[in-house]
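Colleague: Below: one structure in structure tokens.
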Amino acid sequence: MKKITLLVILMFAFVTLMSCAGTETALERNRGRALETAKFNQTVNPGRINLDSIEGTSGLAADAVMKNYNDSFRQQKRQEIVNIIHLR
């Protein structure tokens with residue numbers, strides 16, 4: 001009985017340790033590569049600025065979103081009075 005109990009404990013410890021070890025994914029291995037590439041490209045050729053928009057977009061949607069976002073802070077928000085137990 002002691003051998004079986006010891007075996008079960010050892011198997012549980014082994015499984016627990018193996019689950020904590022994990023493996024590194026491709027995303028974790030390449031973390032920060034896009035930022036490093038952008039910095040490198042700016043260092044190599046700092047005068048090149050790409051002001052062209054992505055093909056097929058004009059930026060109007062982004063301008064509208066930012067306008068709505070900024071306007072949301074300008075609007076006076078109504079203060080709601082709520083008591084301790086959140087009854088209205």
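The values are calculated or read from the model by the stated rules, or taken from the named source; none is laboratory data. Note that the structure is predicted; figures quoted are calculated from it, not measured. Cβ atoms come from the backbone with ideal geometry, glycine included; neighbour counts cover every protein chain shown.
Colleague: For segment 65-84, does any single residue satisfy the condition of being modelled with pLDDT of 70 or more, of a type in the set (A, V, I, L, M) and exposed (fewer than 10 other Cβ atoms within 10 Å of the Cβ)?
Modeller: No, the conditions are met nowhere in segment 65-84.
Colleague: Of all residues in segment 19-35, which are part of a loop (DSSP other than H, G, I, E, B), surrounded by fewer than 10 Cβ atoms within 10 Å (Cβ to Cβ), modelled with pLDDT of 75 or more and not β-branched (V, I, T)?
Modeller: The answer is E24, G32.
Colleague: Yes or no: I9 at pLDDT 80 or above and either outside any helix (DSSP H, G or I) or of a type outside the set (G, A, S) (or both)? Steps first, answer last, please.
Modeller: Numbers: at pLDDT 80 or above: yes; either outside any helix (DSSP H, G or I) or of a type outside the set (G, A, S) (or both): yes.
When the stated conditions are applied, I9 passes them.
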